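Student: Have a look at this one.
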Amino acid sequence: MIIDCQSCPVRDLHCDDCMVTALLTPTSSELGLDAAERLAVTRFAAAGLVSAQEAGTVTARREPWAAHVRAVG
C-alpha cells in the first residue's frame with residue numbers, strides 16, 4: 001500500500017485527526033537494528049572500523065520525511 005499525503009483531499013486540514021499520521025508517528029527516534037544492519041555493524045567491528053563497545057551501542061534513527069519527498073504509485 002502506498003500512502004500519499006500529497007493527494008489527500010483534507011491535507012493540512014485534518015492531519016491531527018488522521019489515522020495514518022497516528023500510526024506512522026514514531027514514539028521514539030531511536031530504533032533497534034534489523035538483521036542487515038546488525039550484520040553490517042558486525043562486519044565493521046570485525047574489520048576494525050569501529051570498536052566492539054561502539055558496535056554494541058549502535059541504534060537506528062528515524063529521520064523525518066523531507067518536505068519535497070512524496071510517495072509515487
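The values are calculated or read from the model by the stated rules, or taken from the named source; none is laboratory data. In this text the structure is predicted, and so the values were computed from the model without any measurement. Every residue, glycine as well, gets a Cβ built from its backbone with ideal geometry; the counts of neighbours run over all protein chains shown.
Student: Residues to consider are Leu39, Leu49; find the one that is hydrophobic (A, V, I, L, M, F, W, C), modelled with pLDDT of 85 or more and in a loop (DSSP other than H, G, I, E, B).
Tutor: On the way: Leu39 fails: in a loop (DSSP other than H, G, I, E, B).
Step by step, each of Leu39, Leu49 is checked, and only Leu49 is hydrophobic (A, V, I, L, M, F, W, C), modelled with pLDDT of 85 or more and in a loop (DSSP other than H, G, I, E, B).
Student: Which numbered condition in (1) at pLDDT below 75; (2) within 19 Å of the chain's Cα centre (by Cα); (3) over 22 Å from Gln53 (Cβ atoms) is the only one that Cys5 fails?
Tutor: (1)
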